[in-house]
Structure formats: structure tokens, C-alpha cells
Amino acid sequence: MPDAQVWQPKAIALEVERSPKSAKELDAILTELLIAGTPSPLGEPPLVYTTVWYFVAENARFPVEQARSRLPPSYQGRVKILSLATLEPFA
């Protein structure tokens, strides 16, 4: 499950990274959120998010950008990486 979710009207996953995670861990997170889906209660189909908003500290930015670049091209645009300090996209 993501750290939080927003419905606008489709599901958007919110992730917060204050410190770097391994490539394997980030790949697993993005695959689950965007491709395979997250488990749903009560036997419902897995929830696949339309977009992931990643709020990252500066030291966690590069690993998340690299994980996004390893996704299939059609999924890369669905991952938005934003500064945890300013809540704005990086320049």
C-alpha cells in the first residue's frame, strides 16, 4: 500500500521518501502500484494507480529517478517526482 492515496476521480498513490531505498525495493514498489496492483480487501481485484506522486528528500531523489527510468516507457510519465522540502517539481 502507498503512504497515502488521493482520488481525483481516479486513484493516485502518494509516496514519501526521506532516505534512499535500494533499487530492488523501489522497483518492487513502482511495479506494484502501477502494473501489478496493490492487494484489495474482501477479494476485490488489485488496485492499480493511475499516477504515483513521489515526494522525496534531496538525497532520495536520484534513486527514485533511476527507478522511474527502469519502468516501461508507457509508465514513466505516470510517476511525478516532487521535492519534499518545497512540495514542487524539481527544476
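Please treat every number below as a calculation from the coordinates, not as lab data. Just so it is clear, the model here is predicted, and its values are computed rather than measured. Positions of Cβ are generated from backbone atoms using ideal geometry, with glycine treated the same way; all protein chains shown enter the neighbour counts.
Taking all C-alpha pairs of the chain, those more than 23 Å from each other amount to 19 percent. Computed extension gain for A57 through V16, at 0.36 nm per residue and net of the alpha carbon distance, reaches 13.9 nm. Take the Cβ atoms of T50 and T86, set R0 to 22 Å, and the FRET efficiency comes out at 0.40. Calculated mean residue ellipticity, 222 nm, the chain: -8000 deg cm²/dmol, from DSSP H runs (n ≥ 4) at -39500 (n - 2.57) each, averaged per residue and rounded to 500. Applying a DSSP loop filter and a limit of 12 other Cβ atoms within 10 Å to the chymotrypsin sites (Phe, Trp or Tyr not before Pro) in the chain leaves F90.
Note on the chain: with charges restricted to the Cβ of Lys and Arg (+1) and Asp and Glu (-1), its dipole about the Cα centre is near 180 debye.
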